[in-house]
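Colleague: After the structure tokens below, expect a handful of questions from me.
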Amino acid sequence: MKSTVAQLKTQIQRAMVAAFGADLADTDPMLVPTSNPKFGDFQANVAMSLAKPLKQSPRDIARQIVENLDLGDLCDTPEIAGPGFINLRLKTAYLEAQLKAMQADPRLGVARVEQPQTVIVDFSSPNIAKEMHVGHLRSTIIGDSIARVQEFMGHRVLRLNHVGDWGTQFGMLITHLKEACPEALEADSTVDIGDLVAFYKQAKLRFDTDEAFKTRSREAVVDLQAVEDTATKAWKVLCAQSRQEFQKLYDRLDIQIQERGESFYNPFLADVVQDLDTQGLLVEDQGAKVVFVDGFTNKDGNPLPLIIQKSDGGYNYATTDLAAIRYRTGKDGAERVLYVVDAGQGNHFAQVFQVAGKAGWIPAGVELTHVPFGVVQGEDGKKFKTRSGDTVRLKDLLDEAVSRARADLETRIQAEERQETEDFIQNVAEAVGLGAVKYADLSQNRTSNYIFSFDKMLALQGNTAPYMLYAYVRVQGIARKGGIDFDHLPAEASLHLADDSEFALARYLLQLDTVLEEVAQELYPNRLCQYLFELSQTFNQFYDRCSVLQAEEPQRTSRLILCDLTAKTLKLGLSLLGIRVLERM
């Protein structure tokens, strides 16, 4: 069904056209929720913006819009307030009917997009032979949530993991593997080379201190690029072992992603160079082949080139990204490509996109978007590291979150003298711990740095996953206590909104579709988090004020419907953040 906001905007636009002509057909009504319920539910502020072009006072403009405004069964008579605000209050009957329709809809009233797109979400992107660390956390979690929202809205989504599986570093890794663990290269070998991080550090130490090893490593790079058998076998062994470790974390975090690493684009790199050269975009600078891009200069103020092919003939990250753009917009048919990569790469993507545009490799209507995010900081405000100064491994971070969630749960179980099974305790600890880590990240504006704090993210109060999960569990508790099956409430039952807290909850529930449309377009998951937090607060206020199971009919069933809709909305919203709910905590 069409959202309430969409219906109101359409009617206001029609009224503006009727009052002032067709030139205003596409004018934004500037419709926003009111800051105070006493002013109604929505406020249209367009009259102020039209005062100058129409050469009329905002109140006169607002009056003419209202005179032509047909809101049918949606709203009570509009009110003009202040300098020209148009205040709109939804009719009780409309609210009740919308909630009833929402309850009957598996999608809770959220319509699929009318024109679905093919959307590629490029996220996570760890490096082979390096362990995933806290720095990969944000890309992985933010990218997954964005992909989930796009999928729910009806788009065709391709989730791509642009793994760092190519480059000069493989020379030292291949050489070290051949010399330190040659049995791994035997046919049908199942040898585990062990801790990949330690393996990488050993190879790097040899590369930095042993000139002969460095020379052999450089030769191994040449062998790999020439697809020599032993070098290729070693590369495949390293990639396979890394993938196994990555997959354990993806499974634990419930992340679905398809690997398409840097090496995938190797066959297309020479064509990138040749085509740029043919178009006259490529120039030679200090032996390298580069493209100079507009608006970028170095610290001396000189034009800053984007290196396409290095002086030694090797290719750069930019070359791979350009090849990827051509493949994604061509073979994959992408209409929107979202790169969920840290903010530090902003200039890189701006340059790559500009070069792709100049070369004509971005088809009309295709959108390439860098979705940046800030860094994770410790509570001291510095980059989040272990006490020894090492980067925090993602596995260790998740283990710690689950361990803390379990300790808190066991304390509450003991205090409440409950008897719970080991399976129950571990299941709740995993759900709460992992959910808390995800929510703490997603609830922040992604463009900002954020401070990582286990204590804050696991708190039962405030804008945290446990607070949201408890709101959901509270509804399930009502069902258990009253022997209620929410899936089989009387079909003929209707809503009867009376208390202020019921109206407040109803209005929040009906904002879901607008929030998801906004997140799908603007790519800020924290707006969904804020909505779920405010919904949970509003529900708890309703729960404290209004008896549910002890209420008389028809109020009892009406309030049960409100509870059910709240739980379903929380479950859906949290699932789009990659967080699973619990029936009990």
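Quick note: the coordinates plus some simple rules give every number you see, no bench work behind them. Values in this document were obtained by computation on a predicted structure and should not be read as measured data. Cβ coordinates were reconstructed from backbone atoms using ideal geometry, including for glycine residues, and neighbour counts include every protein chain displayed.
Colleague: Suppose R0 equals 35 Å. What FRET efficiency, 1/(1 + (r/R0)^6) with r the Cβ-Cβ distance, do Ser547 and Phe424 give to the nearest 0.05?
Modeller: Computed FRET efficiency for Ser547 and Phe424: 0.75.
Colleague: What FRET efficiency comes out for Thr297 versus Asp342 if R0 is 22 angstrom and r is the Cβ-Cβ distance? Round to the nearest 0.05.
Modeller: So the FRET efficiency works out to roughly 0.45.
Colleague: At what distance in nm do the modelled label points of Glu183 and Asn36 sit from each other, each positioned 7 Å from its Cα along Cα→Cβ?
Modeller: For the pair Glu183/Asn36, the computed spacing is 7.8 nm.
Colleague: At a 10 Å Cβ-Cβ cut-off, how would you order Phe268, Phe213, fewest neighbours first?
Modeller: Listed from fewest to most nearby Cβ atoms, that is Phe268, Phe213.
Colleague: Related question: Between Phe268 and Ala25, 0.36 nm times their residue separation minus their Cα-Cα distance comes to what?
Modeller: 82.8 nm
Colleague: Quick check on the chain: helices-only [θ] at 222 nm, where DSSP H runs of length 4 and up contribute -39,500 (n - 2.57) each and the sum goes over total residues. Nearest 500, please. If you can, show how the numbers build up before the last one.
Modeller: On the way: 20 runs with 299 residues, N = 585.
The per-residue figure over the chain is -16500 deg cm²/dmol.
Colleague: Applying the Karplus parametrisation 6.51 cos²θ - 1.76 cosθ + 1.60 with θ = phi - 60° to the phi angles of the range 110-118, what ³J(HN,Hα) value in whole Hz is obtained for each residue in order, glycine and proline being reported as x?
Modeller: 8, 6, 6, 4, 6, 10, x, 10, 8
Colleague: If the cut-off is a Cα-Cα distance under 24 Å, which lysines reach Lys9, setting aside same-chain residues fewer than 8 apart in sequence?
Modeller: Output for Lys9: Lys38, Lys52, Lys55, Lys91, Lys100.
Colleague: Sticking with this one: Report the gain in length on full extension from Ile451 to Leu489: 0.36 nm times residue separation, minus Cα-Cα distance, nm rounded to one decimal.
Modeller: Full extension from Ile451 to Leu489 adds 9.3 nm.
Colleague: Can I ask one more? What is the P(r) of the range 401-512, as percent of Cα-Cα pairs per 5 Å bin from 0?
Modeller: Answer for the range 401-512: a P(r) of 2, 9, 14, 17, 18, 12, 12, 11, 4, 1, 0 percent.
Colleague: So who's got an amide H within less than 5 Å of the one on Phe296, skipping anything under 5 residues away but keeping other chains? H placed 1.01 Å off N, in plane.
Modeller: Leu304
Colleague: Now for a separate question. Just grab the label-to-label distance for Glu219 and Lys358, each label 7 Å out from Cα along the Cβ direction, in nm (one decimal).
Modeller: 4.0 nm
Colleague: Give me the Debye-computed log₁₀ of I(q)/I(0) at q = 0.12, 0.18, 0.21, 0.25 Å⁻¹ for the range 169-260, equal point scatterers on Cα only, no solvent, two decimals.
Modeller: At q = 0.12, 0.18, 0.21, 0.25 Å⁻¹ the computed log10 ratios are -0.40, -0.83, -1.03, -1.26.
Colleague: Right, another one. Counting other beta carbons within 10 Å of each Cβ, put Tyr315, Tyr200 in order, fewest first.
Modeller: Result, fewest neighbours first: Tyr200, Tyr315.
Colleague: A follow-up question, please. What pairs from Lys248/Lys310; Lys331/Lys571; Lys204/Lys395; Lys382/Lys456; Lys310/Lys385 go past 28 Å between their alpha carbons? Working shown, then result.
Modeller: Working: Lys248/Lys310 36 Å; Lys331/Lys571 36 Å; Lys204/Lys395 23 Å; Lys382/Lys456 17 Å; Lys310/Lys385 34 Å.
The answer is Lys248/Lys310; Lys331/Lys571; Lys310/Lys385.
Colleague: With semi-axes √(5λ) of the Cα gyration tensor in Å as the read-out, I listed [x] 50, 35, 19; [y] 69, 38, 33; [z] 70, 26, 21; which label goes with the value calculated from this structure?
Modeller: The calculated read-out lines up with [x].
Colleague: Oh, and also: How far is it, in nm, from the label point at Asp275 to the one at Asp312 when both lie 7 Å from their Cα along the line to the Cβ?
Modeller: 2.7 nm
Colleague: Which whole-percent values make up P(r) of the range 4-90 when all C-alpha to C-alpha distances are grouped in 10 Å steps starting at zero?
Modeller: Reading the bins upward from 0: 19, 58, 22, 1.
Colleague: For the range 349-422, what does the alpha-carbon gyration tensor say about shape, rounded, prolate or oblate, given a ≥ b ≥ c as the root eigenvalues, a/c under 1.5 as rounded, and a/b over b/c as prolate?
Modeller: Verdict is prolate for the range 349-422.
Colleague: Same structure again: Starting from the range 487-580, pick out the GluC sites (Glu not before Pro) whose DSSP state is loop and whose Cβ has at most 12 other Cβ atoms within 10 Å.
Modeller: Counting only loop positions with at most 12 other Cβ atoms within 10 Å, the GluC sites (Glu not before Pro) in the range 487-580 are Glu492, Glu552.
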